Amino acid sequence: MSADLRNGSSAPSSWDHSVDLLIVGSGAGAIATCIFAHDRGGKVLLIEKTHLYGGSSAMSGGSLWIPNNYLMAAAGVPDTPEEALTYLKHITRGAVPEEKLVRYVAKAPEMLRYLTDRGHLRMQSMLTYTDYYPEAPGGKPGGRSVEPEHFDARLLGDDFERMREPAVQELVMGRMSMTATEAHHLLARHPGWIGLTSKIMSRYWLDVGGRMKGKRDRCLSLGNALVGMLRRTMLDRQIPLWLETAARELVVENGRVVGIVAEQRGRKIRIRTEKGVVLAAGGFESNDAMRKQYLPNPTEASWTTANPGNTGDAIQMGLTLGAKIGLMDDAWWGPTTVVPGEDRARMLVIEKGLPGSIFVNKRGQRFLNE
């Protein structure tokens with residue numbers, strides 16, 4: 001999203017806080033951005049409108065698509081920037097400017113290495129997780145996707161209680177976590193799957209301190225592990241994170257964004273930024289009006305499994321400044337179901353991949369292409 005800054009408010013006469021870079025949102029991309037900015041000497045602030053940090057990243061599978069990454073090389077899986085670019089150009093069909101694809105292919109592997117070497121990020125190669133279109137030119141049968149190793153939530157201290165919980169469909173019996181690789185071994189009943197099941201269950205129940213606190217698993221995996229690793233890295237650098245602080249308005253001076261007006265627990269505050277504002281607050285999947293405007297209809301916010309805080313606020317702030325938008329009619333799609341009594345839908349991730357699986361609704365009608 002880019003803006004020409006045609007509109008926007010004038011600067012307020014006074015500021016409550018001043019930083020070099022302000023980042024709106026607290027998902028993986030937002031936290032990684034604040035780490036890089038801090039390490040380059042910036043005074044950084046992260047704000048999150050809800051009472052929990054992590055966003056949809058914390059609820060996700062936590063995997064990253066990083067072509068030509070160092071884990072692939074260590075596992076003996078060949079890849080080159082040229083192959084990755086060929087693949088991306090083929091599957092995006094001109095919808096994404098080539099310079100962005102080139103930049104991603106060049107910088108994504110550097111990002112992975114940097115956060116591993118200088119932070120707590122610990123990823124593993126998903127050797128059996130194929131590219132979405134492995135048969136396309138430049139496609140690979142596995143290795144480009146990486147997922148977090150397990151992460152000990154006790155390293156976060158009390159901050160763990162403020163992380164958004166994983167989606168319920170990611171947990172065994174609604175309690176125990178496991179990596180995508182572990183889930184694959186269990187579902188396929190690979191040799192050793194019984195021992196792996198015992199290990200997961202004993203690890204959970206033998207965590208006496210955790211069970212005394214509640215049912216939440218402190219051996220984190222998937223998106224919770226990813227966010228936990230990044231948050232620990234952020235804590236090491238003492239970068240501030242303000243919860244319950246919602247960005248409401250971009251402030252413009254002489255055609256340049258110089259800060260924001262935010263609402264913090266019912267009180268308006270003004271934050272000055274010397275270098276800029278990064279809008280990393282996710283999408284609009286929980287905003288019914290925006291869904292109906294941009295996505296294929298019919299559509300309902302109640303169908304999403306993502307972060308309930310994603311209501312398109314940052315997108316709308318950008319639009320007030322004349323920002324350009326694109327790909328608003330697309331998403332990371334998946335079949336979901338709403339279980340009576342639960343406040344969030346469940347995505348049928350595993351079910352859609354089972355051999356011979358056919359989805360029908362309560363009338364016995366197929367409603368998607370499995």
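In region 38-63, what residues are free of Cβ contacts under 8 Å to residues at least 40 places away in the same chain and small (Gly, Ala, Ser)?
Of everything in region 38-63, just one residue is free of Cβ contacts under 8 Å to residues at least 40 places away in the same chain and small (Gly, Ala, Ser), namely Gly41.
Just checking, how many residues over region 188-202 are on the phi > 0 side of the Ramachandran plot and surrounded by 14 or more Cβ atoms within 10 Å (Cβ to Cβ)? Before the answer, list the steps.
First pass over region 188-202, keeping only residues on the phi > 0 side of the Ramachandran plot: 189, 192.
Subset that is surrounded by 14 or more Cβ atoms within 10 Å (Cβ to Cβ): none.
Qualifying residue count, region 188-202: 0.
Scan region 149-176 residue by residue and report those that are closer than 27 Å to Leu112 by Cβ, modelled with pLDDT under 95 and of a type in the set (Gly, Ala, Ser).
Within region 149-176, just Ala167 meets the criteria.
Please verify whether Asp329 is within 23 Å of the chain's Cα centre (by Cα), of a type in the set (D, E, K, R) and buried (at least 17 other Cβ atoms within 10 Å of the Cβ), treating the condition exactly as stated. Even if it seems obvious, please write down each step before you answer.
Working: within 23 Å of the chain's Cα centre (by Cα): yes; of a type in the set (D, E, K, R): yes; buried (at least 17 other Cβ atoms within 10 Å of the Cβ): no.
No; evaluated as a whole, the condition is false for this residue.
Let's see how each residue does on (1) more than 19 Å from the chain's Cα centre (by Cα); (2) within 20 Å of Tyr53 (Cβ to Cβ):
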{"site": "Tyr114", "(1), (2)": "no, no"}
{"site": "Gly142", "(1), (2)": "yes, no"}
{"site": "Pro148", "(1), (2)": "no, yes"}
{"site": "Arg154", "(1), (2)": "yes, yes"}
{"site": "Asp158", "(1), (2)": "yes, yes"}
{"site": "Ala167", "(1), (2)": "no, yes"}
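Here is a check on your reading of the model: is Glu244 surrounded by fewer than 20 Cβ atoms within 10 Å (Cβ to Cβ), at pLDDT 95 or above and on the phi > 0 side of the Ramachandran plot? Reasoning before the result, please.
Working: surrounded by fewer than 20 Cβ atoms within 10 Å (Cβ to Cβ): yes; at pLDDT 95 or above: yes; on the phi > 0 side of the Ramachandran plot: yes.
Taking the combined requirement at face value, the residue satisfies it.
Just to be sure before I move on: is Asp343 under 18 Å from the mean Cα position of the chain (by Cα), of a type outside the set (Lys, Arg), surrounded by fewer than 14 Cβ atoms within 10 Å (Cβ to Cβ) and assigned to a loop (DSSP other than H, G, I, E, B) in the structure I sent? Give the steps one after another, and end with the answer.
Working: under 18 Å from the mean Cα position of the chain (by Cα): no; of a type outside the set (Lys, Arg): yes; surrounded by fewer than 14 Cβ atoms within 10 Å (Cβ to Cβ): yes; assigned to a loop (DSSP other than H, G, I, E, B): yes.
In short, no.
Can you pull out every residue in region 323-370 that is modelled with pLDDT of 90 or more, among the basic types (Lys, Arg) and under 24 Å from Thr179 (Cβ atoms)?
Correct list: Arg346 only.
Quick check on my filter: what residues within region 161-185 are assigned to a loop (DSSP other than H, G, I, E, B) and either buried (at least 18 other Cβ atoms within 10 Å of the Cβ) or at negative phi (or both)? So that I can check it myself, show each step before the final result.
Residues of region 161-185 assigned to a loop (DSSP other than H, G, I, E, B): 164-167, 171, 173-175, 177-179.
Those that are assigned to a loop (DSSP other than H, G, I, E, B) and either buried (at least 18 other Cβ atoms within 10 Å of the Cβ) or at negative phi (or both): Arg164, Glu165, Pro166, Ala167, Leu171, Arg175, Ser177, Met178, Thr179.
If only one of Lys275, Lys268 is in contact with a Gly (Cβ under 8 Å, 6 or more places away or on another chain), open to solvent by 40 Å² or more (accessible area, probe 1.4 Å) and among the charged types (D, E, K, R), which one is it?
On the way: Lys268 fails: in contact with a Gly (Cβ under 8 Å, 6 or more places away or on another chain).
Going through Lys275, Lys268 in turn, just one is in contact with a Gly (Cβ under 8 Å, 6 or more places away or on another chain), open to solvent by 40 Å² or more (accessible area, probe 1.4 Å) and among the charged types (D, E, K, R): Lys275.
From Thr305, Thr299, Thr311, which residue is open to solvent by 30 Å² or more (accessible area, probe 1.4 Å) and in contact with a helix residue (DSSP H, G or I) (Cβ under 9 Å, 6 or more places away or on another chain)? First the steps, then the outcome.
Working: Thr305 fails: open to solvent by 30 Å² or more (accessible area, probe 1.4 Å); Thr299 fails: open to solvent by 30 Å² or more (accessible area, probe 1.4 Å).
Exactly one residue qualifies, and that residue is Thr311.
For region 32-126, which fully contained helices (runs of 4 or more DSSP H) count at least 3 residues that are in contact with a strand residue (DSSP E or B) (Cβ under 9 Å, 6 or more places away or on another chain)? So that I can check it myself, show each step before the final result.
Working: elements: 55-59, 70-74, 81-92, 98-117.
It comes to 70-74, 98-117.
Would you point out the residue of region 128-144, among those that are open to solvent by 10 Å² or more (accessible area, probe 1.4 Å) and touching a strand residue (DSSP E or B) at 6+ places or on another chain (Cβ under 9 Å), that is nearest to Val227 (Cα to Cα)?
Ranking the qualifying residues of region 128-144, first place goes to Tyr129.
State which residue pairs qualify: first residue part of a helix (DSSP H, G or I) and inside region 303-317, second residue among the aromatic types (Phe, Trp, Tyr) in any location, beta carbons under 7 Å apart, and separation of 6 or more residues or different chains.
Ile315/Phe284
Between a first residue in region 356-370 that is within 15 Å of Thr336 (Cβ to Cβ) and a second residue that is among the aliphatic types (A, V, I, L, M) and open to solvent by less than 100 Å² (accessible area, probe 1.4 Å), which pairs have beta carbons less than 7 Å apart while being 6 or more apart in sequence or on different chains?
From residues that are within 15 Å of Thr336 (Cβ to Cβ), the pairs are Phe359/Leu368.
Find the residue count for region 323-355, including only residues that are of a type in the set (Ser, Thr, Tyr) and in contact (Cβ under 8 Å) with a residue 12 or more places away in the chain.
As a first pass, look at region 323-355 and keep what is of a type in the set (Ser, Thr, Tyr): 336-337.
From the residues that got through so far, the ones that are in contact (Cβ under 8 Å) with a residue 12 or more places away in the chain too are 336.
Here the count works out to 1.
The values are calculated or read from the model by the stated rules, or taken from the named source; none is laboratory data. Keep in mind the model is a prediction, meaning the values are calculated, not measured. Neighbour counts run over all protein chains shown; Cβ positions are idealised from the backbone, glycine included. Surface areas here come from the heavy atoms of the whole protein model, side chains and all, with no ligands, DNA or RNA. Shrake-Rupley method; radii C 1.70, N 1.55, O 1.52, S 1.80 Å.
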